[in-house]
Amino acid sequence: MSKENLTVEQPITSSSPTDTNKSKNEKAFASLLPIFSFIKPYKMMLALALVALLVTSAVSLSLGQGVKFVIDSGFIAGSAEQLQTAILVLIGLIVLLAIGTFSRFYLMSWLGERISADIRKAVFNRIVTLHPSYFEENRSGELMSRLTTDTALLQSIIGSSFSMALRSFLMLIGGLIMLLITNLKLTMIVIFCVPLILLPMMIYGKKVRKLAASSQDAIADIGTYAGEIIQNIKVVQSYTHEAREQQAFAGEVEKAFVVAKRRVKQRSFLIAIVIFLTFGAISGMLWVGGMDVLQGKMSGGELGAFVFYAIMVAMSVATVAEVYGELQRAAGSATRLLALLKIESEITELDTPNAIQTQKPAIIQFKNVNFCYPSRPDSAALKNINLDIPTGKVIALVGPSGAGKTTLFELLQRFYDPQQGVISFNETNITQLKLTDLRNEMGMVPQHPILFSSDVWHNIRYGNPEASDQDVINAAKRAHAHEFIEQLPEGYSSFLGEQGVRLSGGQKQRIALARAILKDPKVLLLDEATSALDAQSEHHVQAALNELMVNRTTLIIAHRLSTVIHADIIVVMDHGEVVATGNHKSLMASSTLYQRLCELQFDRVTEQ
């Protein structure tokens, strides 16, 4: 199984390694800036969060003076009354800090969740409007990762990490100022020790971030592998590959564990080194400060306050360094999300599309249509197609596999646009019509119907979300589906499982037919609607189709020619071209290909 992660292609420009390294951080943070446009609607919440942030920072810095007050005015002075006053002041500051922290955390977390939800909606809204060829080149799992993992990471950055970074930066600046005010000599020691602590954090932190990325990739591979096996569990069990897949999955898990073990080891080294250097520096500072206290150069309260501020500065430096790494990770997520949001669908509409002529019968015309799929630009799927489809008639498309029959359906629904030629609906070029209006005129019943992981109500009502329960039931009856639906455990409220796994092929097809009946389209597109069914299911589905086709323009793709010999017009296609048209009788006399197709099928039926 392929382990390659497909991503949206980005423009590639040539640059030297030096230039790349120099601008890497700038580009990383610049890629985050557009994300903050999602914050604009919530400026008031952001302002309140920043106020709470400033208050908590100021109170935190005041705690050092509270510690000094407690030591000098309480312990050193030997006064119980002054000690009580000092403790009450300290408790008041702590209460204020708790209230401010609650406000800051709630407001910033609210912002993170709200913006994450807005980004998810924006990405999903863009995904569902993209042209189908985009999904030929990008895996659904990759898109799901952007909707979930990438937005979750941004939510964490905006909701907590960004707040922590601002708070730690303010505490770092404020702490350094208070250190300078408290004792200049000890401050110089702190400033000298900070780079010694930051250096291993930067070296090991970089290794940890790389290993964290590798670990995430390995976990993503595990998810992709497991998802594919679960989705195709019947094939796995049919070929008795359970043990083989268990072994293969165990191998993937072990690969992820090896990477995770290396990451944990590097992170453990990082934590151990930082703790040793930090507390070693504090111990050295306490020795110098303690000597000054013994010599009367500073008070015990000043030393206590200085230790408090020194720890605060060390913690702030550590937090800023950690958040810096998270911001770099978030920059990658932001780049992927923004790249997706910038993609424009290749199927575009006019600014003022023409209104569809609903009072006219559904006349469809293909004029000199040539088309190649974007993924196969050198192989023509359709060549010079000229075809008139009159209203109210049944038109059958027949021919070998790969003749271009399904491609006609996809062009008619504007999933793709032809490179040459015009497709008209009621004498109007379909590119000049509103997409939703055009597609509302058509109802598609595919060979393998798609059902959603929901109940029967939802799956049938998908054809017309405004339909009443009685309308749904009536559509099910016309599709010969009502009887088996009533026998389901909860009737129309029965959950059908992923892709309708709890139903047989014929039952799925009848649910899809009920959906098309409820939509009540003018043009019915049937793509091998009965080819994969047993005789009894085919009988029910064909009976429903006969009723559905009345007074509609119907296009049928069929390999089983016995189902279309009574069609008004039969279009014979081969290698992307229309090679003959007519009814069954005329084609048997004029089309060698049609004769051969009929002979192969009817002879096979006779032999059976």
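A short reminder: the numbers here are calculations on the coordinates, not readings from a lab. Since we're looking at a predicted model, the values are computed, not measured. Counting neighbours? That spans all protein chains shown, and the Cβs are built from the backbone with ideal geometry, glycine included.
Filter Lys207/Lys255; Lys207/Lys261; Lys43/Lys342; Lys393/Lys519; Lys342/Lys519; Lys40/Lys210 down to the pairs with a C-alpha to C-alpha distance above 21 Å, please.
Long pairs (Cα-Cα over 21 Å): Lys43/Lys342; Lys342/Lys519; Lys40/Lys210.
Quick one: if the Förster radius is 51 Å, what FRET efficiency do Gln487 and Thr352 give, using the C-beta to C-beta distance and rounding to 0.05?
On the way: r = 51 Å, r/R0 = 1.00.
Here the calculated transfer efficiency is 0.50.
What does the extension gain come out to for Met45 and Ile191, with contour length at 0.36 nm per residue minus their alpha carbon separation?
48.9 nm
Can you list the HN-Hα couplings for segment 245-261, worked out from phi with the Karplus curve (6.51, -1.76, 1.60; θ = phi - 60°), rounded to whole Hz and with x for Gly and Pro?
Rounded to whole hertz, the list is 5, 4, 5, 5, 5, 4, x, 5, 5, 5, 4, 5, 5, 4, 5, 5, 5.
Got a sec? How would Trp287, Trp110 order by Cβ neighbour count within 10 Å, fewest to most?
Ascending Cβ contact count within 10 Å gives the list Trp287, Trp110.
Once amide H atoms are built 1.01 Å from N in the peptide plane, which residues 5 or more positions from Ala381, or in another chain, come under 5 Å H to H?
Here the answer is Phe371, Cys372, Tyr373, since their amide H atoms fall under 5 Å of that of Ala381.
Can you give the FRET efficiency for Val422 and Ser562, using 1/(1 + (r/R0)^6), R0 = 41 Å, r = Cβ-Cβ distance, to the nearest 0.05?
Here the calculated transfer efficiency is 0.75.
What's the ranking of 245-252, 95-102, 570-577 by average number of surrounding C-beta atoms within 10 Å, highest first?
570-577, 95-102, 245-252
Using Cα centres only, tell me the gap between segment 486-501 and segment 389-446 in whole Å.
Taking the Cα centre of each part, segment 486-501 and segment 389-446 sit 33 Å apart.
Once phi is turned into ³J(HN,Hα) by the Karplus curve 6.51 cos²θ - 1.76 cosθ + 1.60 with θ = phi - 60°, what whole-Hz value does each residue of segment 273-283 show in order, with x for glycine and proline?
Computed from phi, the couplings for segment 273-283 are 5, 5, 4, 4, 5, 5, 6, x, 5, 5, 5 Hz.
Over segment 364-607, calculate the relative contact order: mean separation of alpha carbon pairs under 8 Å at least 6 apart, over the residue count, as a percent.
The value is 27 percent.
Report, by chain and number, residues whose modeled amide H sits under 5 Å from the one on Gln420, excluding near sequence neighbours (fewer than 5 apart, same chain).
Amide H neighbours of Gln420, under 5 Å, 5+ apart: Asn370.
How long is the gain from Asn386 to Leu96 if the chain were fully straight, where each residue apart is worth 0.36 nm and the alpha carbon distance is subtracted?
My answer for the length gained is 96.5 nm.
Please turn the phi angles of segment 580-590 into ³J(HN,Hα) values with the Karplus equation 6.51 cos²θ - 1.76 cosθ + 1.60 (θ = phi - 60°), one per residue in order, whole Hz, x for glycine and proline.
6, 9, x, 9, 4, 5, 5, 5, 4, 8, 10
Quick one: of the DSSP bridges fully inside segment 364-607, what percent are antiparallel, nearest 5?
Among the beta bridges of segment 364-607, antiparallel pairing accounts for roughly 55 percent.
Please report the spacing between the Cα centers of segment 265-321 and segment 556-594 in Å, no decimals.
When both Cα centres are located, 88 Å separates them.
Applying a 10 Å radius around every beta-carbon, put 382-394, 33-45 in order of their mean neighbour count, most first.
Per-residue mean Cβ counts within 10 Å order the peptides as 382-394, 33-45.
For the peptides 112-122, 439-449, 260-270, what is the packing order when you average, over each peptide's residues, the other Cβ atoms within 10 Å and list the highest mean first?
The peptides rank, most packed first, as 439-449, 112-122, 260-270.
Return the ratio Rg/(2.2 N^0.38 Å) for segment 364-607, where Rg is computed over Cα atoms only. Show your work: numbers first, answer last.
Numbers: Rg = 18.6 Å, N = 244, 2.2 N^0.38 = 17.8 Å.
Working it through for segment 364-607, the quotient is 1.04.
Once the piece of chain linking Val235 and Arg126 is laid out straight, how much longer is it, given 0.36 nm per residue of separation minus the C-alpha distance between them?
35.8 nm
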